[in-house]
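Comments concern the structure below.
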2 protein chains.
Amino acid sequence: MVKLSERQQMIMSFIEDFIEENDYPPTIRDIQNGCSISSTSVVAYNLDKLKEGGQLNRHSEVSRGLSLASVGPNSNKFKPTEIDSVAVPLLGTIAAGSPFPMPENDTWSDLSGSELIDLPQAIVGPGDNVYALKVRGESMIDALISDGDLVIMEQASSVRNGQMAAVRIKSDNTTTLKNFYSEGPRTRLEPANSQMDAMTFPSNDVEVLSKVLAVWRYLG
Amino acid sequence: MVKLSERQQMIMSFIEDFIEENDYPPTIRDIQNGCSISSTSVVAYNLDKLKEGGQLNRHSEVSRGLSLASVGPNSNKFKPTEIDSVAVPLLGTIAAGSPFPMPENDTWSDLSGSELIDLPQAIVGPGDNVYALKVRGESMIDALISDGDLVIMEQASSVRNGQMAAVRIKSDNTTTLKNFYSEGPRTRLEPANSQMDAMTFPSNDVEVLSKVLAVWRYLG
DNA sequence: ATTCTATCCGCACTAATGTTCTAAAAGTAA
DNA sequence: TTACTTTTAGAACATTAGTGCGGATAGAAT
């Protein structure tokens, strides 16, 4: 198999992403901008090369006439192995101001409406009472979580000290993700970003909703 | 659900068939011919109706900017228990001051020494040139990455705009994770934490080492 | 019949988008 | 170096393909 140049790899991955996002292929100029290429002719040149190499199909004189070659004998450099996975429901999104989505008592028996996410069992554990939320906006930046991140949570009404959890401040009726420290009559909530200050509340003003198992941020 | 006219049904099924066959959507004129419609404006008219009805997505002023609305009630997926995974080598740790671990040319052929991490193939892709690093310390807090996080990277010497990457500032001989924006003669590096300021450098002072595919933070 | 609304026709207009050409730059081999 | 191939640039060009508009048609309601 012909080795792809850096630029060609970038073009390929751009096309993949673009189709993934829009359901239709990009134009030459879309690729040009997305890959910071100076001229449409360079894109055309490389698309032809990729076509010759069999990486993609191209129909000339057809706008957006691109499609990825069905991945055939290639791409198996590393043989994929099979691992056990757990399907975790994506219950919704969290954003500043919006109510914090929580699984209802009967949610677990009816996950039909929600999207499922496969996660390796090794990191989720048995997977009971585990669910995922997608973060919208930068409201959790204190917890080192940004827009688009996926937060994997496990329903719990108490957590051990130091654990990051979704906690509700009853008096404010706000919910945030903080590191939880029980200190007897008071409870200290500490942002994951240790450059920021912690706050303490009366313990009975703080309610633990779920503990945070993991954060998954996909950028590629 | 709104009932579709004869013509609209024909258009829908034509679009399905066309995409099935070509991997890209038809133009208005393709539809016109395929459905024996006398005028492009009639096609446009009905496409708008179909969009209103939620049957398909349409992007105006975009050629072939059509896609079928994802059919909701079908998607009868059974709960998967196994997924394909790719073993990714954990090459080491990154910490402030320490040199940035990079795969050597021959590293890929000898992964015996390094620990392997299984990640879902859907996330990593084919897995070529992908490796993982464990973060030590809070030096990457600007990138919303903290101590203990696992960073999944793919070796690349260039990335497209907006991508988070490991970049080296040659004049400083420092390496950081930043969002990369090529702006001709200069390159802008933007922290993931958008509350912080971006910096720009001469493009030839910036070297891309790897692109960041994902960040995995395990807290549980 | 009259009016109204939903559709359909043709056609011109223009924005979107692929192609081509020439030249320069970068890389390679002799 | 010189000669040769590959890749990049820039810009004009040509075709593709979406849009808009005046007017026709066809039912349906009044």
- Task: Under 7 Å between Cβ atoms, at least 6 apart or on separate chains: pull out the pairs that start in region A:41-64 with a residue that is within 11 Å of DNA strand D (Cβ to nearest atom) and end on any residue that is among the basic types (Lys, Arg).
- Result: A:Asn46/A:Arg7; A:Leu47/A:Arg58; A:Ser63/B:Arg64; A:Arg64/B:Arg64
- Task: Take region B:180-220 and flag every residue that is part of a loop (DSSP other than H, G, I, E, B) and open to solvent by less than 20 Å² (accessible area, probe 1.4 Å).
- Result: B:Pro191, B:Asn193
- For region B:1-47, how many residues meet the condition of being open to solvent by 50 Å² or more (accessible area, probe 1.4 Å) and within 9 Å of DNA strand C (Cβ to nearest atom)? 6
- Note on the structure: In region A:2-44, anything more than 7 Å from every other protein chain (Cβ to nearest Cβ), of a type outside the set (A, V, I, L, M, F, W, C) and under 20 Å from A:Gly54 (Cβ atoms) is listed as A:Lys3, A:Ser5, A:Arg7, A:Gln8, A:Gln9, A:Ser13, A:Glu16, A:Pro26
- Item | Sole residue being under 27 Å from B:Asp142 (Cα atoms) and either polar (S, T, N, Q) or modelled with pLDDT of 70 or more (or both), chosen from A:Ser112, A:Ser139, A:Ser157, A:Ser171 | A:Ser139
- Residue list for region A:155-172, filter: in contact (Cβ under 8 Å) with a residue 40 or more places away in the chain, assigned to a strand (DSSP E or B) and surrounded by fewer than 21 Cβ atoms within 10 Å (Cβ to Cβ): A:Gln155, A:Arg168
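The values are calculated or read from the model by the stated rules, or taken from the named source; none is laboratory data. This one's a predicted model, so the numbers in the text were calculated from it and none came from an experiment. Positions of Cβ are generated from backbone atoms using ideal geometry, with glycine treated the same way; all protein chains shown enter the neighbour counts. What goes into the accessible areas is simple: the full protein's heavy atoms, side chains included, and nothing from ligands, DNA or RNA. Shrake-Rupley method; radii C 1.70, N 1.55, O 1.52, S 1.80 Å.
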